[in-house]
Amino acid sequence: MRNVRIEILFWNAIEHRLRAFWRLAVFLVVAAVPANLAVLALDATDVALLERSLRNPLVAAAFMLALWVNARYVERRPMADFGLQHSSRWWRDLLGGLSIGAFAACLIA
């Protein structure tokens, strides 16, 4: 006999998937492990410029990898459901966001 009370904590029978808290926990663990490994690998180098210039892109890549793993294996949804689709509007939004960020950085400097 299954223990239904414990199963209810982890599994949503209506949606046939993990509950939202556990999906988020899986995402954070999958994101944190490669991000921390990348940062630790960079810290092992003695080149400060390399460490400063690659830390943020590697952490961003780790989070994108975690999003892909979570979307494919945990959520079972296409990446387009998360707003990541290559359309002309997506590229226009990306260019607009980068422009705003560059303009804000110029105002600070």
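Assorted remarks:
- Its DSSP H runs of at least 4 residues, each contributing -39,500 (n - 2.57), put the calculated 222 nm mean residue ellipticity of the chain at -23500 deg cm²/dmol, to the nearest 500.
- The string of couplings for segment 46-63 from the Karplus curve (6.51, -1.76, 1.60, θ = phi - 60°) is 9, 9, 5, 5, 4, 5, 5, 7, 9, 4, 5, x, 5, 5, 4, 5, 5, 5 Hz, one whole number per residue in order, with x for Gly and Pro.
- Summing charges over all other residues whose Cβ lies under 14 Å from the Cβ of Gln85, with Lys and Arg as +1 and Asp and Glu as -1, gives +1.
- Cβ-defined net charge surrounding Trp68, 15 Å radius [Lys, Arg +1; Asp, Glu -1]: +2
Rule-based calculations on the coordinates, nothing more; no lab input. Values in this document were obtained by computation on a predicted structure and should not be read as measured data. Note that each Cβ is placed from the backbone with ideal geometry, even for glycine, and that neighbours are counted across all protein chains shown.
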